[in-house]
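Report on one structure; see the data block that follows.
The values are calculated or read from the model by the stated rules, or taken from the named source; none is laboratory data. Values in this document were obtained by computation on a predicted structure and should not be read as measured data. Counting neighbours? That spans all protein chains shown, and the Cβs are built from the backbone with ideal geometry, glycine included.
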Amino acid sequence: MALAVNDLKVWYRTLRGDVKALDGVTFEVADGEIMGIAGESGCGKTTLGKALIRLDTRMKHVGGTVVLDDDELPLADDAAMRRYRYREVSLIPQYAMSAMNPTRKIGRMIRDLLAAHNVRYAEVLPELERRLKLVGLETDVLKRYPIELSGGMKQRVVLVLSTLLNPSLLIGDEVTSALDVSSQKAVARALVEFRDHGFVKSMIVITHDISVLFQVADTILVMYAGHLAEKAPAKTIINAPLHPYTKMLIGALPKVGDRYEEQQLEGIEGRPPSLLEPPAGCRFRDRCPLVHDKCAEAPPFREVAEGHHVACWAVS
Amino acid sequence: MRKENGMTATQPTAGPGAEASEQPGVAGSPKGGRKAGGDTRETLYFALRNPKVLIGAVVVVAFLLLGLIGPAFLKYAPMDYAGPPMAPPSADFPFGTTTFGQDVFAQFVAGLRSTFLVGLLGGGVAAVIGMTIGFVAGYRGGLIDELLNMLTNVVLVIPGFVVLIIINAYLGVRSVPMQALYIGIFSWPWVARAVRSQTLSLRSRDFIDLARLSGVGVGTILRREVAPNMYSYLFMTFVLLFGGSILTAASLDFIGLGPTNAMSLGLMMNQAVQWSALHLGLWWWFIPPGLGITLIVGSLYIMNVGLDEVFNPKLREM
Amino acid sequence: MLTLHELDKVYRTGTFGTSDLHAVRQVSLDVRRGEVVSLIGESGSGKSTIGKMVLHLLSSTGGTITFDGRDVTKLGFRARRDYYRKVQGVFQDPFSSFNPIYKVDRTFETLRRSYFPRVASGEWREKLDGALAAVTLEPDDILGKYPHQLSGGQLQRLLIARALLLDIELLVADEIISMLDASTRIDVLNLLGELKGRGLGILFVTHDLSLGNYVSDRVVILYKGRVVERGDTTAVFDDPLHPYTRDLLASVPHLDRTWEEVEAEEAERTRRLAGRCLYHEDITAQGRSLGDEAESVDGVPNGLGLVEHAPGHFVGCFRKAAEEDCPAGPAVKP
């Protein structure tokens, strides 16, 4: 089935007020779809990833709903969400591979984790070994300590572990970020393979690196300052973006072959607005070359072409 | 599957995620104009507004003043047989009298002096030795680090207290400064270790490399870049050494190896026990010195918690 | 201007320091005025180690470093100070590069105390404003602030401004943009391009090929501490010779081609080159004999070093490790 997020608002409590990190986002992820979420730091993509599975103590669910497979997720209720966590929705958090207990063997760690979710290790062991082989790891990796593995290997172990119970939705937060280029490719491909094999129904891949999304994602969602800017099939976002922010972002990425002498690329001036007191209207206003009076009112995130949503008055 | 080299090769780190990590979406607040030499003044400004620092400082300074100028206002000298023995507190004797009729308050005030002195000196000596060794070992590494570690471990393993007892027993006259010196010489190993590990972690930070790239020498780097990052830590260390010295001195005094020519709070407690103050219910004899030590050391700890907020600008904005 | 010749860095590891770790092996490269040389490699390639050795933050264990014609391999404290007037560095983590408890101004103050002790305040202010303008920063936005109040991009540009205060000739930029957002990265890169135009030589250490390609004139590809390919950027990227370079280029996520498309191209090329080793062919063509190749102590192909395949385009032995077979087949004995 599918994931439907409707006007989701998740704010952070701080001593200076509420940081409106996620301020009303609406989108859908279809069955079997890999959706990438791209954006720069502070845009809310990690918050979105976390909100779908577990709100930590600073976060509060202010409004909106999340429906997974026709089941509304009780985001605000930590205990009720236990039922869904790991079985229906699984998260690979940022820096996951650095979070492994260095004094425990991998196999032991997995056993403990499964026990915490009332799953017997012996029962899933054959499947676990099969999947490790699938991503190119030998099964004796279970007998090793994390420090003996390279970054790419650890990340693949985390990937296998997170999807062991075949969740409906897998959320990966910066899973390829701290890796070498070759490991990055292996992990990204492993993600797609898992979807193809049916271990995971749909995937949300969160990263700042749009080029990786172009390689593995079906659709890309671009976020800016807690709002959605654009959502479209991956190729469309890269080759024919409509939102000014997306256009400038893609324009700021040098491809192998772009040379400074031939054509200088441009960055985006300024910084994202503070989310403590976000400005009314379109949040990209201050940095947008197409700004005009209507932008004082927040543009709706609407479909302008088949499967292509944009939040911009200049696009219709 | 070959594993990569055992050395902690620097992986390409996780990209821009580190930028606004603590508080998502909070852009930096525009703060302060430019002030020449404003750093120390600003620190002081914040220090004086922090309740923990204020309260702690007030208590400590109060005791200090009492110990410093109190003796000038005392009616009776500490060792004089001034009044009726075992008298409870009264207008004449705010802390009552001992079994010999000595003014407990006078002893208390005199004791404060030597207590502060032994704390300051003993703590100071240990701090200087420990910090120097810790900084040098942590920064230089290599052979120097190995040698200094050996030294630290040797001193750590020597039963300092036993040696103190032996030294104290052999020497005829014992004065407070000497006592402080001995205590200082044996209390520094943990400081050296703690400072060394902090220095090691700071050393790998890029701003140290940048200071080296500015042609700055080792001593200056330690003084201007490494130590300031640890000011609150160093102060905490000093607080612990201060308190530790006082307590060690009190223990020595308690078993009769205290200074032969001065009164101290530990000595008071020693005498109180010797003369069965507990059994006789002379609470005014041992409670003031015990409470005094507790309040002084406790206030220093509270001050330190407050100072951590003052010294660390990041905590400040919270 | 800067020349590294057969630079080595060996770490002693293991209990009692019995085994050796060769972080950098026999690396030779040069950087000229007004050019950007990218040092590209993955983790463990030794690229940061080389950067630190050039900056004398690490000592080398073999080989020489020459700067402006003078041997600077080993420098005493005084000589290092003078060296730093000409050579400076900027590092990866902007937030780690500043002492968090002080305002950012202090970084400039430290420099001033060290190198410009007798400069008057007014003149110093002018110099500072000039340097900040060169990196397009407003003094009012920057001075008097603490590091955590500024963005990564601003901090990195600040650090470049600091280096510019000294009128340097060589800047070592060690992964300076990997921790920045995509939109600010390009600004810093453009800044490097501009500085290059003004005559500054830049050693740009990075793991990101597209960034290396954008701004550099020449590239040096490192693998496990040794140079495997070296040459003009366009030459190396259009016609990568070494298998490792090709693997690297094939693994980069492109924005205009999928991995499958890249692999198809590569497969074609691999077919053409099957059973051949360009390195061997070039060596023989130059009249050097394969038999003279000496194995280094830990079994990594060493010996004759790089061979010039095309003008300015050098490549090293195709084997990734000594145990591997030569691509030209076991019949050809190295």
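The set of residues in region C:134-150 being part of a helix (DSSP H, G or I) and touching a residue at least 12 places away in the same chain (Cβ under 8 Å) consists of C:Ala134, C:Asp141, C:Ile142, C:Pro147, C:His148. Within region A:236-256, being within 7 Å of another protein chain (Cβ to nearest Cβ) and without any contact (Cβ under 8 Å) to a residue 12 or more places away in the chain holds for A:Pro254, A:Lys255, A:Val256. Could you list, in sequence order, all residues of region C:75-101 that are β-branched (Val, Ile, Thr) and at pLDDT 90 or above? Matches in region C:75-101: C:Val87, C:Val90.
Being under 28 Å from B:Ala87 (Cβ atoms), surrounded by fewer than 21 Cβ atoms within 10 Å (Cβ to Cβ) and away from chain C (no Cβ under 14 Å) is a description that applies to B:Gly290.
For region A:36-49, the count of residues that are assigned to a loop (DSSP other than H, G, I, E, B) and surrounded by fewer than 22 Cβ atoms within 10 Å (Cβ to Cβ) is zero.
Every condition in (1) away from chain B (no Cβ under 12 Å); (2) assigned to a loop (DSSP other than H, G, I, E, B) holds for C:Ala161 except the one numbered (2). Does A:Lys201 count as modelled with pLDDT of 90 or more, away from chain C (no Cβ under 14 Å) and more than 25 Å from the chain's Cα centre (by Cα)? Answer is no for this residue. Inside region C:8-27, residues that are under 23 Å from C:Asp247 (Cβ atoms) and more than 9 Å from chain B (Cβ to nearest Cβ) make up a count of 5. Of everything listed in (1) out of contact with any His (no Cβ under 9 Å at 6 or more places or on another chain); (2) within 21 Å of A:Ala4 (Cα to Cα), the single unmet condition for A:Glu230 is (1). Identify all residues within region A:6-52 that are more than 11 Å from chain B (Cβ to nearest Cβ) and of a type in the set (Gly, Ala, Ser); write none if there are none. Answer for region A:6-52, where residues must be more than 11 Å from chain B (Cβ to nearest Cβ) and of a type in the set (Gly, Ala, Ser): A:Gly24, A:Ala30, A:Gly32, A:Gly36, A:Ala38, A:Gly49, A:Ala51. For the subset of region B:110-143 comprising residues that are of a type in the set (Val, Ile, Thr) and modelled with pLDDT of 90 or more, which member is nearest to B:Ser264 (Cα to Cα)? Across region B:110-143, the extreme among qualifying residues is B:Val125. In the set (1) surrounded by 24 or more Cβ atoms within 10 Å (Cβ to Cβ); (2) touching a Pro at 6+ places or on another chain (Cβ under 8 Å), the condition left unmet by C:Val236 is number (2). Hey, does region A:56-63 have a residue that's farther than 27 Å from A:Lys154 by Cβ and part of a loop (DSSP other than H, G, I, E, B)? Yes, there is a match, as at least one residue in region A:56-63 is farther than 27 Å from A:Lys154 by Cβ and part of a loop (DSSP other than H, G, I, E, B). For A:Lys20, the criteria (1) under 19 Å from A:Thr246 (Cα atoms); (2) buried (at least 21 other Cβ atoms within 10 Å of the Cβ) hold in every case but one, which is (1).
Would you confirm whether any residue within region A:85-99 is among the polar types (S, T, N, Q), outside any helix (DSSP H, G or I) and at pLDDT 90 or above? Checked region A:85-99: at least one residue is among the polar types (S, T, N, Q), outside any helix (DSSP H, G or I) and at pLDDT 90 or above. Per this entry, C:Gln88 is counted among residues that are at the interface with chain B (Cβ under 9 Å from one of its Cβ atoms) and buried (at least 20 other Cβ atoms within 10 Å of the Cβ).
Of all residues in region B:153-187, those that are among the β-branched types (Val, Ile, Thr) and within 20 Å of B:Met236 (Cα to Cα) total 2. Looking only at residues of region A:77-109 that are more than 20 Å from A:Val67 (Cα to Cα) and touching a Leu at 6+ places or on another chain (Cβ under 6 Å), we find that the one that is surrounded by the fewest Cβ atoms within 10 Å (Cβ to Cβ) is A:Gly107.
Condition check ((1) among the charged types (D, E, K, R); (2) touching an Asp or Glu at 6+ places or on another chain (Cβ under 7 Å); (3) modelled with pLDDT under 85) across all residues:
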| site | (1), (2), (3) |
| --- | --- |
| C:Leu143 | no, yes, no |
| C:Arg157 | yes, no, no |
| C:Leu164 | no, no, no |
| C:Asp174 | yes, no, no |
| C:Leu191 | no, no, no |
| C:Glu194 | yes, no, no |
| C:Leu203 | no, no, no |
| C:Ser210 | no, no, yes |
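Scanning region C:144-157 turns up at least one residue that is under 17 Å from C:Gly89 (Cα atoms) and charged (D, E, K, R).
Considering B:Arg212, B:Arg193, B:Arg174, the condition of being under 29 Å from C:Ser48 (Cβ atoms) and of a type in the set (D, E, K, R) is satisfied by B:Arg212 alone.
So which helices (runs of 4 or more DSSP H) stay within region C:169-275 end to end and still have 1 or more residues that are within 11 Å of chain A (Cβ to nearest Cβ) and under 13 Å from C:Ile40 (Cβ atoms)? So the answer is C:209-215, C:233-238, C:243-251. When A:Pro241, A:Pro233 are checked against the criterion of being buried (at least 21 other Cβ atoms within 10 Å of the Cβ) and within 28 Å of C:Ser251 (Cβ to Cβ), a single residue qualifies: A:Pro241. Checking C:Leu180, C:Leu195, C:Leu200 one by one, the residue that is over 28 Å from C:Ala310 (Cα atoms), hydrophobic (A, V, I, L, M, F, W, C) and surrounded by fewer than 24 Cβ atoms within 10 Å (Cβ to Cβ) is C:Leu195 and no other. Screening region B:102-217 for helices (runs of 4 or more DSSP H) wholly inside it with 2 or more residues that are surrounded by fewer than 22 Cβ atoms within 10 Å (Cβ to Cβ) and among the charged types (D, E, K, R) returns the ranges B:104-140, B:142-157, B:189-203, B:206-213. Every listed requirement among (1) hydrophobic (A, V, I, L, M, F, W, C); (2) part of a loop (DSSP other than H, G, I, E, B); (3) more than 11 Å from chain B (Cβ to nearest Cβ) is met by C:Leu166 save one, (3). Scanning region A:164-193 for residues that are surrounded by fewer than 23 Cβ atoms within 10 Å (Cβ to Cβ), away from chain C (no Cβ under 14 Å) and in contact (Cβ under 8 Å) with a residue 60 or more places away in the chain, we see that the one that is farthest from the chain's Cα centre (by Cα) is A:Leu165. Test B:Ala227 against the stated conditions and say whether it is within 14 Å of chain C (Cβ to nearest Cβ) and touching a residue at least 60 places away in the same chain (Cβ under 8 Å). Spelling it out, B:Ala227 is indeed within 14 Å of chain C (Cβ to nearest Cβ) and touching a residue at least 60 places away in the same chain (Cβ under 8 Å). Across region C:94-109, the qualifying residues are those that are within 24 Å of C:Ile177 (Cβ to Cβ) and among the β-branched types (Val, Ile, Thr), and the one among them that is nearest to the other protein chains (Cβ to nearest Cβ) is C:Thr107.
Residue-by-condition table, conditions (1) farther than 30 Å from A:Arg189 by Cβ; (2) modelled with pLDDT under 75; (3) hydroxyl-bearing (Ser, Thr, Tyr):
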{"site": "C:Ala267", "(1), (2), (3)": "no, no, no"}
{"site": "C:Arg272", "(1), (2), (3)": "no, no, no"}
{"site": "C:Ser296", "(1), (2), (3)": "yes, yes, yes"}
{"site": "C:Gly299", "(1), (2), (3)": "yes, yes, no"}
{"site": "C:Leu304", "(1), (2), (3)": "yes, yes, no"}
{"site": "C:Glu308", "(1), (2), (3)": "yes, no, no"}
{"site": "C:Pro311", "(1), (2), (3)": "yes, no, no"}
{"site": "C:Phe314", "(1), (2), (3)": "yes, no, no"}
